[in-house]
Amino acid sequence: MCGIIGAASSRNVGKLLVQGLHKMEYRGYDSAGIALHQKDNIFNLRTLGKVSLLEDEMIEQRPKSKLGIAHTRWATHGKPSKKNAHPHESGEVNIVHNGIIENYLELKEKLVQAGYTFESETDSEVIAHLLHQHFQSKGDLLAAMHEAIKELDGAFAIAAIHIKDKNRLVVARNKSPLLIGVGLEENFAASDPLALSQLTNEFVFLEDGDVAEITKESYQVFDRKNSPISRDVTEIDIAVNAVTKGEYSHFMEKEIYEQPNAVANTIDGKLGDDDVLDNIFGLGSSEVFSKIKRIQFVACGTSLHAGKVGRFWFEQIAKIPCYVDFASEYRYRDPLVEEGTLFVTISQSGETADTLAALRYAQEKDYLSTLSICNVPTSSLARESEHVLFTNAGPEIGVASTKAFTTQLAGLMLLAMSIAKSLNKDKQNRKKLVHELRNLPKVIEETLKLSNEILSIVPNIADKHNALFLGRGMFFPIVQEGALKLKEISYIHAEAYPAGELKHGPLALVDDQIPVVALSPENTLTEKLVSNLEEVKARGGTLYVFGGEKAKIKIERGEYIQMPECSELLAPIIYTIPLQILAYHVACQRGTDLDQPRNLAKSVTVE
Ligand code: F6R
């Protein structure tokens with residue numbers, strides 16, 4: 001969740017490190033800091049707030065250095081403050097850390113007894129003191145790191161420098177992403193390749209238990225047993241325009257408008273003339289799918305909503321039962337695994353700690369196989385799953401997920417079709433779906449044109465404190481997603497209900513102060529939904545309805561916005577778009593920092 005970066009170079013690294021932090025601000029942005037090796041001291045600067053504040057101070061102070069580490073924080077232990085910001089110091093050592101040290105209280109007690117004083121409320125500070133302690137006996141930062149991590153329980157990506165080591169950076173990884181960026185006369189470490197996108201396109205992904213030393217000339221990785229090990233170099237071209245806003249005001253806006261292309265990229269190369277192609281989830285996947293009897297989905301947040309829509313598709317198209325669980329809950333309920341169950345994780349980042357922990361738990365159980373739908377090919381989830389479908393949405397920077405969600409839905413539809421094909425089910429429907437999927441980017445484009453109509457209802461929502469979202473069937477998870485988008489970026493409290501549940505409680509909330517947003521597509525539930533909306537009208541509620549031509553309901557208070565015609569099964573993807581646009585414009589009107597909303601971070605790498 002925090003972002004860490006380090007550099008050893010023949011040029012000054014201060015500016016490079018700050019630029020890298022800017023690109024990782026989506027991982028956390030409540031405080032930032034930098035430590036730079038100087039002749040016989042370490043320059044340590046920490047600021048409360050966004051990276052730009054650190055940058056301002058750096059411009060003023062202009063420290064020179066060819067070796068350094070830096071950090072942008074998302075607070076877990078200890079409030080956002082200058083004291084709790086990284087890098088943490090212990091004598092001659094400076095460290096930055098991403099993750100959570102679970103046994104920090106126990107370690108802190110021991111270190112206090114050994115005479116160390118703690119300056120912060122963080123768990124991370126124990127790492128600095130442990131390294132300092134082990135350096136006393138080992139006299140070497142690499143050896144101290146090997147010793148220190150033996151004492152740490154939890155998740156960590158660490159980068160450290162020492163006054164006596166003017167050329168070398170030492171890093172370590174366990175359950176938290178960390179990679180080395182390989183440059184020319186310079187090498188780097190970071191928790192995300194994005195941070196290094198303007199510096200190199202060659203990356204070495206570290207594995208759990210790895211420690212590495214990095215100098216400007218070379219790097220060496222050591223495994224859990226301290227043996228030197230060679231890890232593959234992966235080339236990744238991260239287009240620079242993928243990490244800039246271009247003509248848009250926010251990344252979220254850009255990412256909403258990228259959806260036609262993003263979805264086209266997800267389905268690209270996966271469809272034949274009349275059916276989905278074989279083995280699109282990896283070699284041998286079609287064979288595995290022919291043995292599937294059930295599906296278990298596990299994910300968090302927006303990705304979980306995708307799984308909830310997927311359940312309808314799997315039951316309708318592949319005719320197999322499907323379970324969906326919060327990743328944070330799944331492994332704590334001691335789940336019973338039925339024979340022939342495919343374990344599916346869904347994640348944009350592929351680094352979400354709860355989802356990754358659920359996958360690792362599932363690997364110990366009797367699942368038929370594991371599969372992930374993921375947007376980051378180099379992520380831990382993608383590397384550790386037996387089968388993978390990359391959504392190819394391109395980097396998603398806005399904290400509120402948009403294109404990642406619609407591409408996950410497209411990926412789930414491909415999965416439902418692939419399983420149906422392997423199980424010989426529903427060939428006619430698949431043929432129809434192939435054509436509808438091909439047409440999907442065009443329909444998304446049509447839907448994006450509703451932006452002006454949506455803008456007209458924004459003032460009526462932006463000044464409210466609460467909102468209710470209603471949908472039925474596979475549109476219930478879509479309204480849950482719409483409510484999540486609104487609350488996370490506009491801070492308006494929003495709740496989603498299946499419309500039929502209204503009269504069982506939430507109807508009591510309806511008055512002229514609570515906008516009710518509803519999805520009314522044309523399907524077998526249309527009439528029932530319209531009756532539910534009549535209940536809102538009868539109580540003087542204000543309705544904002546997105547619906548199909550035939551699903552039109554007469555609205556006296558509120559607005560009806562007609563959606564483009566679209567395939568009944570793919571409609572959840574289309575109906576997501578106006579809810580994203582609505583949340584975006586409401587947040588703009590309220591003036592929130594919507595790409596980096598308060599208290600949140602993009603990639604949640606702590607449990
Ligand atoms: C909300 C949002 C989060 C993520 C969740 C899982 O807009 O983005 O709810 O969906 O934190 O993240 P991933 O998909 O990276 O596992």
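The values are calculated or read from the model by the stated rules, or taken from the named source; none is laboratory data. Keep in mind that this is a model prediction, so the values were computed, not measured. Reconstructed Cβ throughout: ideal geometry from the backbone, glycine too, with neighbour counts over all protein chains shown. With ligands, DNA and RNA removed, areas are computed over all heavy atoms of the protein, side chains included. Shrake-Rupley method; radii C 1.70, N 1.55, O 1.52, S 1.80 Å.
The 1.4 Å probe gives accessible areas that order Trp313, Trp74, largest first, as Trp74, Trp313. Atom-type composition of the exposed protein surface of region 38-112 places 50 percent of the accessible area on carbon and sulfur (1.4 angstrom probe). A cut-off of 5 Å between modelled amide H atoms, ignoring neighbours fewer than 5 places along the same chain, links Val324 with Phe297. Using Cβ point charges alone (K and R +1, D and E -1), the dipole size of region 247-443 about the Cα centre works out to roughly 560 debye.
In the context of the full set of protein chains, region 247-443 has a per residue accessible area of 37 Å² (1.4 Å probe). For the chain, the Cβ-based charge dipole about the Cα centre amounts to some 320 debye (Lys, Arg positive; Asp, Glu negative; other atoms uncharged).
Which of the trypsin sites (Lys or Arg not before Pro) across region 192-296 are loop residues per DSSP, with 11 or fewer other Cβ within 10 Å? Write down the numbers at each step before the final one.
Working: sites: Lys216, Arg224, Lys225, Arg231, Lys245, Lys254, Lys270, Lys291, Lys293, Arg294; in loops: Lys216, Arg224, Lys225, Arg231, Lys245, Lys270, Lys291, Lys293.
When the trypsin sites (Lys or Arg not before Pro) of region 192-296 are filtered for loop state and at most 11 Cβ neighbours within 10 Å, Lys225 remain.
Name the trypsin sites (Lys or Arg not before Pro) in region 344-424 that are in a loop by DSSP and that have at most 14 other C-beta atoms within 10 Å, would you?
Sites meeting the loop and neighbour criteria: Lys365.
For the chain, the longest principal axis of the Cα atoms and the long axis of helix 141-150 meet at an angle of about 50 degrees.
Accessible surface comparison of Lys79, Lys442, Lys431, probe 1.4 Å, protein chains only, largest first: the order is Lys442, Lys79, Lys431.
Loop-resident GluC sites (Glu not before Pro) (DSSP state other than H, G, I, E or B) in region 133-211 with no more than 10 further Cβ atoms inside 10 Å of their Cβ: Glu185. Bridgeable lysines around Lys528 (alpha carbons under 18 Å apart, same-chain partners fewer than 8 residues away excluded): Lys503, Lys537, Lys550, Lys552, Lys554.
To the nearest Å, what is the center-to-center distance of region 39-114 and region 317-358, using C-alpha atoms only? What the calculation gives is 36 Å, centre to centre. Accessible area of Lys150 (1.4 Å probe, protein heavy atoms only, ligands and nucleic acids ignored): about 140 Å². Which residue, Tyr584, Gln596, Pro515, has the largest displacement toward the positive end of the dipole of region 470-607 when charges sit on each Cβ (Lys, Arg +1; Asp, Glu -1)? Result: Pro515. Relative to the longest principal axis of the Cα atoms of the chain, the long axis of helix 51-61 makes an angle of roughly 30 degrees.
Considering only Cα-Cα distances, which of the following residue pairs are longer than 19 Å: Lys39/Lys83; Lys403/Lys485; Lys110/Lys225? Write down the numbers at each step before the final one.
On the way: Lys39/Lys83 25 Å; Lys403/Lys485 13 Å; Lys110/Lys225 25 Å.
Flagged as over cut-off: Lys39/Lys83; Lys110/Lys225.
Does anyone have the angle between helix 571-590 and the longest principal axis of the chain? Alpha-carbon axes, 0 to 90°, nearest 10? Around 60 degrees separate the two axes. Based on alpha-carbon centroids, what's the gap between region 130-180 and region 389-468 in Å, whole number please? After rounding, the separation between the Cα centres reads 44 Å. With θ taken as phi - 60° and the Karplus curve 6.51 cos²θ - 1.76 cosθ + 1.60 applied, the whole-hertz 3J(HN,Hα) list for region 368-376 is 4, 6, 10, 9, 10, 10, 8, 9, 10 Hz, x standing for glycine and proline. Label point of Tyr323 set 7 angstrom out along Cα-Cβ; within region 359-386, amide nitrogens under 20 Å from it belong to 359-373, 386.
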